[in-house]
Amino acid sequence: MSVLTLEDVNSYYGNSHILFDLDLEVEQNEVVALLGRNGAGKTTTLRTITGTVPRREGRIEFRGEDIADDSVDKISNRGVKLVPEERRIFPTLTVTENMQVARDMSSGNPRDIQEMYDVFPVLDELRENRGRNLSGGEQQMLSVARALIQDPDLLLLDEPTEGLAPVIVDDLYDVLSEVVAEDVTVVITEQNVDFALELSERAYIIEKGANAWGGTVDELNEREDLLDEYLSVG
Ligand code: ATP
């Protein structure tokens, strides 16, 4: 069953046209990677889905319903949760308080904080620490945990490994693999192609705000030419 459909979607920041006739399809329980160079339009695609891009055109459907004209809040209440690139946690609140606030904001059936501590043992050890005292990797874990506690229908992860040390990236991978195994539907954007492809079943490559390629990760792994053409740095 299709969870998310984008068809011929165009997005703009003011007069800047950023996404051009973009198509995207995400099925129930799938993990889909959005790949592309810096500035290709990955973040804008996620913001278009959540409604935070001010102007957009085209068909955007979530579980068969047209959400193109929904407000940001309404889309969030439908269960679409974004973990943004800049980790949004409360610096003066403790880890537990950060989770509690996210839980209180949930419109559905939030999970228990203890459940999150079982998935994120790193956070369990830091319960009473304030957000501002966590390392970048710990903040990223908390950011993901805050989205997950709301039991999202669709989880959007924007470059979760950005700025993280390799050993923390491994920890995050372990946590996200567990999350993915729990049948959450996920769209993940990454510059770290290997990380994204390890987690995903299908991938889209975006170039200059338009679809450049789409297919399974197995297909993509056979296509070094695509990786060179669209994903090599520089
Ligand atoms: P990155 O990895 O750098 O985040 P990306 O693929 O996520 O890359 P976007 O952040 O979606 O790319 O940016 C797509 C284009 O939109 C870029 O040309 C960028 O300069 C532009 N852009 C992004 N945010 C804004 C904004 N708030 N106002 C105007 N232009 C923007």
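Here, each number is a calculation from the coordinates, and none is a lab measurement. Because the structure is predicted, anything quoted here is derived from the model rather than measured. Note: ideal-geometry Cβ built from the backbone for every residue, glycine included; neighbour counts use all protein chains shown.
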Worksheet item: Given the rule -39500 (n - 2.57) for each run of at least 4 DSSP H residues, summed and divided by the residues of the chain, what is its mean residue ellipticity at 222 nm, to the nearest 500 deg cm²/dmol?
Response: -9500 deg cm²/dmol
Worksheet item: Taking θ as phi - 60°, what are the ³J(HN,Hα) couplings along segment 62-77 by the Karplus curve (6.51, -1.76, 1.60), each to the nearest whole Hz, with x for Gly and Pro?
Response: 10, 6, x, 10, 6, 10, 4, 9, 6, 6, 4, 5, 5, 5, 4, 5
Worksheet item: Quick one: helix 95-105 against the long Cα principal axis of the chain, what's the angle to the nearest 10°, folded into 0 to 90?
Response: 60 degrees
Fill in: Only Lys, Arg (+1) and Asp, Glu (-1) charged, at Cβ; the chain dipole about Cα centre in debye
1160 debye
Item to complete: Give the Rg/Rh ratio for the chain, taking Rg as the radius of gyration of the Cα atoms and Rh as the Kirkwood radius, to two decimals.
Response: 0.96
Worksheet item: Separation of segment 86-147 and segment 154-223 by C-alpha centroid, Å?
Response: 22 Å
Worksheet item: What are the lysines whose alpha-carbon lies under 17 Å from the alpha-carbon of Lys208, with same-chain residues fewer than 8 places away excluded?
Response: Lys42
Worksheet item: Highest mean first, what order results for 145-154, 132-141 on Cβ atoms within 10 Å?
Response: 145-154, 132-141
Discussion item. At 7 Å along Cα-to-Cβ for each site, give me the label-to-label distance between Asp194 and Thr216 in nm.
Written reply: 2.3 nm
Worksheet item: How many nm separate the modelled label positions at His17 and Arg132, each set 7 Å beyond the Cα in the direction of the Cβ?
Response: 4.5 nm
Item to complete: Quick one: what are the phi-derived ³J(HN,Hα) couplings along segment 138-150, Karplus 6.51/-1.76/1.60 with θ = phi - 60°, whole Hz, x for glycine and proline?
Response: 5, 5, 5, 4, 5, 4, 5, 4, 5, 6, 5, 5, 7
Worksheet entry | Cα-based shape type of segment 75-207, given that a ≥ b ≥ c are square roots of the gyration tensor eigenvalues and the cut on a/c is 1.5 | oblate
Item to complete: Could you size up the charge dipole of segment 138-232 around its Cα centre, putting +1 on the beta carbon of Lys and Arg and -1 on that of Asp and Glu, and report it in debye to the nearest 20?
Response: 360 debye
